[in-house]
Amino acid sequence: MTEAATAGTQKGFLGFVERAGNKLPDPVFLFFYLILILVGISVVCALAGVSAVHPTQVDADGAPVVILATSLLSPDNLQRLWVEMPATFTHFHPLGYVLVVMLGAGVAERSGLFASGMRAAVSGAPKALLTPVIAVIAMLSNHASDAGYVVLIPLAGILYAAAGRHPIAGIAAAFAGVSGGFSANITPGQLDALLFGITQQAVDNSGLVDGLHVNIAGNWFFITALLVIYLPIIWFVTDRIIEPRLGKWVPSAEQARDFGDEAKPLGADQRKGLGRAGLAALGVVLLWVFMTFGPGTPLINEEACLPEAMAAGDCSIHANLAPLYQSLVAGFFLLFLFAGWAYGAAARTINNHRDLVGMMSEAMKDMGYYLVLAFAAAHFVAMFGWSNLGLIGAVHGAGAIESSGLPLPAVLGLIVLFTGFLNLFIGSASAKWALLAPVLVPMLMLVGVSPEGATAAYRVGDGATNIITPLMVYFPLILIFAQRWQKDFGLGSLTALMLPYSVWLLLTGIVLTVGWFYFGFDLGPGAPAAYSLPSP
């Protein structure tokens, strides 16, 4: 019996993680159970008179407004629950963000653009640079949704084998990049749309400030820095720690004869398709540049710096470019859509408009589970706001942070650690952020951290421990990829293999987060790390 077959009998901390995580319900029902718990807590807090002083609002007499906990079983809240149920679901910010981007990304994935792009990027890499090339493409592949897991990771094993290196080292490097570096990238993408939709919902429900908008590019600079520091980490751990431990790879006769169809070079149609996709992507970028700087400038808010607006508003480059930032969700939709369409037409995977519509429809079918999850999460987040417990908890939490005397960067480092620990049990990035954001975002706003800063700290911890928890949905798939090259490679073997990556990614991610907030760098265009609440 292999170790994979006896994975459920692991001992120690990893065994505890596996047993505890397996007892958790599906994230959809987790939210429903949490709603029931929230209802009970709201009733108790309302009866006990739990309250907090609103940090920004005053009444007509100038006295601070007191926030009282409200029972979710009150007539007003029950009426709101049943009457506004459709609006609560459809107005959930992440829903629109994710569905729009996925309409385009679904075409790019199903046409073969993402898979061919990754193969072309890594197939010609020199042997000495194979690891960094794999690591970079792996982190960039997060724009391709599942394609990074199902295409690049097995392909990395094949490329390492063809280069005479241990294929499991290639699988480990790709897995570390795709999953451990889940948030590292050079541009925002689907994950940013998902997370910032939840962040926006938390800001809107907090009651701290009206009209504050976060944008999909709010962590652009930060995630680029993550890629830059994660690249040498993955390179060093793979070549200096993992591959020497694995030893010299001696292929079997069957493995030496055939490394799989994935190692074959791209065909003429596929190469032509990549060229057409590049031109289509360039066209979308030029269109956005034209709409920003061309006649009429629809993506620039020129009124922000008019005399009548300057008295009450912000006349800065970021205020001018606010429409551009808010248009990026649509921009990524068109970028993926037209690049995928151009590739598919040249590679003959899209023969007519019906194929295109079919791919978009299939992408929406794949979002079926997310829609169910979003329905549950939307009501949990909304009801948290109706009870006022989120804001009350944020006010008292901010007070505790201030009284602790801990420097704010250190607090953010602790949040990264907490997120990484929670990630061992709840793998879904959106489910965890929907649970944490209603308290974490307003709490950090109260102590001077922007919503984009809270999101950045969360995503560092969310990625680093993905690669060591058996509860991550792709963990069994990676195990199968490894067993293709080593039959006795089990669950414990994979966890032990990935542990050095996880430790180094977590430590360097914490250092980057603490240093970033210490120096106060902007996290993205129009997204400072610090935030000051408006005066009452």
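Please report, in debye to the nearest 20, how large the charge dipole of the stretch 354-455 is about its Cα centre when each Lys and Arg carries +1 at its beta carbon and each Asp and Glu carries -1 there.
120
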So the angle from the long Cα axis of helix 328-347 to the longest Cα principal axis of the chain, reported in degrees to the nearest 10, equals 20
Going residue by residue through the stretch 442-459, the Karplus relation 6.51 cos²θ - 1.76 cosθ + 1.60 with θ = phi - 60° gives ³J(HN,Hα) values, rounded to whole Hz and with x marking Gly or Pro, of x, 4, 6, 4, 5, 9, x, 10, 5, x, 5, x, 4, 5, 5, 5, 4, 6
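Treating only the Cβ atoms of Lys and Arg (+1) and Asp and Glu (-1) as charged, compute the dipole magnitude of the chain about its Cα centre; round to the nearest 20 debye.
Numbers: 23 positive and 31 negative charges, 405 e Å.
Value, rounded to 20: 1940 debye.
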Any residue on another chain or 5+ positions along whose placed amide H is under 5 Å from the amide H of Val449 is listed here as Tyr531
Dividing the helical contributions, -39500 (n - 2.57) per DSSP H run of n ≥ 4, by the residues of the chain yields a 222 nm value, nearest 500 deg cm²/dmol, of -20500 deg cm²/dmol
In Å, the C-alpha Rg and Dmax of the chain are 24.4, 86
For the stretch 29-102, the accessible surface attributable to carbon and sulfur atoms (probe 1.4 angstrom, ligands and nucleic acids excluded) amounts in percent to 71
Heavy-atom accessible area of Phe236, protein chains in place, probe 1.4 angstrom, given in Å² to nearest 10, is 100
Measuring from the longest principal axis of the C-alpha atoms of the chain, the long axis of helix 113-123 (C-alpha) lies at a number of degrees, nearest 10, equal to 50
Both in Å, the radius of gyration and Dmax of the C-alpha trace of the stretch 93-179 are 13.9, 49
In order over the stretch 363-375: 3J(HN,Hα) from phi, Karplus 6.51/-1.76/1.60, θ = phi - 60°, whole Hz, x for each Gly or Pro, gives 4, 5, 4, 5, 8, x, 5, 4, 4, 5, 4, 5, 4
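Return the tail of the calculated pair distribution for the stretch 69-114, meaning the percent of Cα-Cα pairs more than 17 Å apart.
Beyond 17 Å sits 58 percent of the P(r) for the stretch 69-114.
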In degrees, nearest 10, the alpha-carbon axis of helix 93-110 is tilted away from the dominant principal axis of the alpha carbons of the chain by 20
Here, Val285 and Val39, labelled 7 Å along Cα→Cβ, have an inter-label distance in nm of 5.2
Of the candidates Leu159, Pro132, Ser183, the farthest towards the positive dipole end of the stretch 96-209 (Lys/Arg Cβ +1, Asp/Glu Cβ -1, centred on the Cα centre) is Leu159
For Leu389, the accessible surface traced by a 1.4 Å probe with all protein chains present amounts, in square angstrom to the nearest 10, to 20
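Measuring with a 1.4 Å probe in the full set of protein chains, what accessible area per residue, in whole Å², belongs to the stretch 473-536?
Value for the stretch 473-536: 47 Å² per residue.
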Counting sequence-distant residues (5 or more places) and residues on other chains, those with an amide H built under 5 Å from that of Gln57 are Val65
Here the averaged projected area of the stretch 474-536, based on the convex hull of its alpha-carbon atoms and given in nm², is 7.6
For the stretch 378-536, the Debye formula with one identical point scatterer on each Cα and no solvent gives log10 I(q)/I(0) at q = 0.12 Å⁻¹ as -0.60
Dividing the alpha-carbon radius of gyration of the stretch 317-469 by 2.2 N^0.38 Å, where N counts its residues, gives 1.36
With the dipole of the stretch 43-119 defined by +1 on each Lys or Arg Cβ and -1 on each Asp or Glu Cβ, the option from Leu73, Cys45, Ala87 whose Cα lies farthest towards the positive pole is Ala87
Residue-ordered couplings for the stretch 194-209, obtained by feeding phi - 60° into the Karplus form 6.51 cos²θ - 1.76 cosθ + 1.60 and rounding to whole Hz (Gly and Pro as x), are 5, 5, 6, x, 5, 4, 4, 4, 5, 5, 4, 7, 5, x, 7, 8
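The values are calculated or read from the model by the stated rules, or taken from the named source; none is laboratory data. Values in this document were obtained by computation on a predicted structure and should not be read as measured data. Virtual Cβ from ideal backbone geometry, glycine too; neighbours counted across all protein chains shown. The accessibility values were calculated without ligands, DNA or RNA, using every heavy atom of the protein model including side chains. Shrake-Rupley method; radii C 1.70, N 1.55, O 1.52, S 1.80 Å.
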